[in-house]
Amino acid sequence: MNWYKFCPHCATELEWLPRMEDGGATERLCCTGCGFTHWNNPTPVLAAVIELDGRILLARNAAWTNKMYALITGFMEMGEAPEEGIRREIKEETSLDTHALKLIGAYEFKRMNQVIIAYHAQCTGVVQLSPELVDYKLMTPEEVKCWPAGTGYALADWLRSRGHTPQFLS
C-alpha cells in the first residue's frame, strides 16, 4: 500500500488509530500532532483498448523487466475529464488520433491501490511511441491474450462485447 510514514503537514510519525466513520469502525493512519488523516484513497488510472485498422494495440513499457505487453494507461491531470485524459495519453504515448471513445467500465487494481477507468478507443494515424514505451504489437481480437488483473479484465470485457471468448495468460 502507498502509506505515508510521517505527517505531510507537521512531520509527526503517523499512527494507526481507530475511527468511527459512516461505514462503522475502522483504522486509519492519523497524526497525533495536528490531526491529519491519511485516507489512502485509490488513484484513478485511465486505460484504452486501442483499435487501429481493426487490430488491438498492446505496448511494452520501458521500465518493465518482463516481456509483457498491455494497454495504454496513464493518470488524469488536475481539471481533466476522463475522456480528455485518455485522448491525451493515447496521443502522448502513441501519436495516434482518437476518433471515437466508449466506456468499457471501471476495474479495481488493489495491488497498486488504483481504480482503472477503461475505454475502447478507435484511432487513426501512424504509431510513434513515446520514450516510456519500447515496443508495440497490433493483434487481431482472436490473437490477443488477457491477463488476470485490472486492465486485462477490461480487455476481456471488451472482447466479450464483440462476441469473442477471451483467453487468459496462464
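The values are calculated or read from the model by the stated rules, or taken from the named source; none is laboratory data. Here the structure is a predicted model, which is why all the values come from computation and not from measurement. Ideal geometry is used to build each Cβ from the backbone, glycine not excepted, and the neighbour counts take in all protein chains shown. The accessibility values were calculated without ligands, DNA or RNA, using every heavy atom of the protein model including side chains. Shrake-Rupley method; radii C 1.70, N 1.55, O 1.52, S 1.80 Å.
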| request: Mind listing just one residue for me: the one in segment 79-94 that is open to solvent by 30 Å² or more (accessible area, probe 1.4 Å) and not charged (D, E, K, R) and, of those, nearest to residue 116 (Cα to Cα)? | output: 82
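Hey, among 138, 159, 155, 129, which residue is under 16 Å from residue 57 (Cα atoms), modelled with pLDDT of 95 or more and assigned to a loop (DSSP other than H, G, I, E, B)? Explain how you work it out, then say what you get.
Details: 138 fails: assigned to a loop (DSSP other than H, G, I, E, B); 159 fails: assigned to a loop (DSSP other than H, G, I, E, B); 155 fails: assigned to a loop (DSSP other than H, G, I, E, B).
Matching residue, one of 138, 159, 155, 129: 129.
Matching residues to (1) under 16 Å from the mean Cα position of the chain (by Cα); (2) open to solvent by 10 Å² or more (accessible area, probe 1.4 Å):
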{"position": "64", "(1), (2)": "yes, yes"}
{"position": "69", "(1), (2)": "yes, yes"}
{"position": "96", "(1), (2)": "no, no"}
{"position": "150", "(1), (2)": "yes, no"}
| query | Which residues, taken from segment 37-47, are in a loop (DSSP other than H, G, I, E, B) and open to solvent by less than 40 Å² (accessible area, probe 1.4 Å)? | reply | 40
| query | Among the residues of segment 141-152, which ones are under 19 Å from residue 122 (Cβ atoms) and in a helix (DSSP H, G or I)? | reply | 151
| query | Under the condition of being open to solvent by 100 Å² or more (accessible area, probe 1.4 Å) and closer than 23 Å to residue 43 by Cα, which residue from segment 7-22 is modelled with the lowest pLDDT? | reply | 22
| task | Select from segment 87-105 the residues that are under 12 Å from residue 48 (Cα atoms) and part of a strand (DSSP E or B) and list them in ascending order. | result | 98, 100, 101, 102, 103, 104, 105
